[in-house]
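Derivation of every value follows stated rules applied to the coordinates shown; laboratory data play no part. Everything numeric here is computed off the predicted structure, so don't read it as measured data. Neighbour counts are summed over all protein chains in view; Cβ atoms, including those assigned to glycine, are modelled from backbone coordinates with ideal geometry.
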Amino acid sequence: VYPKQIPPAAQVVSYSPLYGSLPVGPAFDLAIAALMRAGGSIFPTPNGEGEGCPGTVVLQRQALAARPIACLKCSGEGEVGIITLAG
């Protein structure tokens, strides 16, 4: 499901290896996104995770600048939720 939702040119990170698959997982994603927005940096994907992900996996910390952050959650039934933080 995720490959259909992520543009090939997108930079992607996944922090779910840190907290697993939980019903509150999107809340963790939003908290991480808010910390990145406040700090002005994108944190790298932990442990080089992300092999097989569409887009470019972020492996080193980098400046966020004015780019938006999209938190994506997909269900096993094909439902998609996207929350975007910009500013």
Being closer than 14 Å to P68 by Cα and without any contact (Cβ under 8 Å) to a residue 24 or more places away in the chain is the filter here; which residues of the range 1-35 pass it? I32, L35
Can you run down the residue pairs with Cβ atoms below 9 Å, 6 or more apart or on separate chains, where the first is in the range 57-75 and in a loop (DSSP other than H, G, I, E, B) and the partner is among the β-branched types (V, I, T) and surrounded by fewer than 15 Cβ atoms within 10 Å (Cβ to Cβ)? P68/T84; S75/V1
Selection count where residues are under 19 Å from G20 (Cα atoms) and surrounded by 15 or more Cβ atoms within 10 Å (Cβ to Cβ), scope the range 31-57: 9
Within the range 34-55, tally of residues that are under 10 Å from V13 (Cβ atoms) and out of contact with any Ser or Thr (no Cβ under 9 Å at 6 or more places or on another chain): 5
